[in-house]
Amino acid sequence: MTGDKYYSSQSLIKKFHKQRDVETFKQADNIGYFFNPTKEALLLQCKDQNSQQNDIENFKLLCLTGIHLRVLGDIVLCSKLSICLLANNFISKIDALVVCQNLVKLDLHSNELVALPGFSFWENLDKLQVLHLHDNPLGDPET
């Protein structure tokens, strides 16, 4: 197989896989597979982690590991978070976490992050000491 034909077929395979992934996510979303982090759902899911708080704006800890989370939703209302554990989900964008300026630990490993926010995002998280990003397709030429 010549080089041009090889890269052409690889490109077609890549497009096929991407389209299949989009369709799979759409079907999963339609059947309610993904957790929707509304204010009410976060109160129910994280109440034990923040027993002294009745309002998510005052939550200091969020542990939403492996719950089929795809979007951040109302997590951005948790502006006083210091520990945010969002590993083993399907998150692809984290820009909205810029409001969580008290973050000390942010665990995003094993998600669907293909790119990271720009400098201003990280500049606002000046208290951040621990960041886990492994097992994401960051910089992966296949994505």
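Taking a probe of 1.4 Å, how large is the accessible area per residue of region 31-143, in Å²?
54 Å²
Rounded, prolate or oblate: which one fits region 34-132, using the alpha carbon gyration tensor with axes a ≥ b ≥ c (rounded when a/c is under 1.5, else prolate when a/b beats b/c, else oblate)?
oblate
Quick one: pull the percent of accessible area on region 18-143 belonging to carbon and sulfur, 1.4 Å probe, ligands and nucleic acids left out.
51 percent
Not counting ligands, DNA or RNA, and with a 1.4 Å probe, what is T24's accessible surface area in Å² rounded to the nearest 10?
80 Å²
Give, in nm to one decimal, the length gained when the segment between K127 and S92 is fully stretched (0.36 nm per residue of separation minus the Cα-Cα distance).
Computed gain between K127 and S92 is 10.3 nm.
In the structure shown, do any of K47/K93; K39/K105; K105/K127; K47/K127; K26/K105; K39/K127 have a Cα-Cα gap over 20 Å, and if so which?
Beyond 20 Å between Cα atoms: K47/K93; K39/K105; K47/K127; K26/K105; K39/K127.
The values are calculated or read from the model by the stated rules, or taken from the named source; none is laboratory data. No experiment lies behind these values; they were computed from the predicted model shown. Surface accessibility is based on the protein's heavy atoms, side chains included, excluding ligands, DNA and RNA. Shrake-Rupley method; radii C 1.70, N 1.55, O 1.52, S 1.80 Å.
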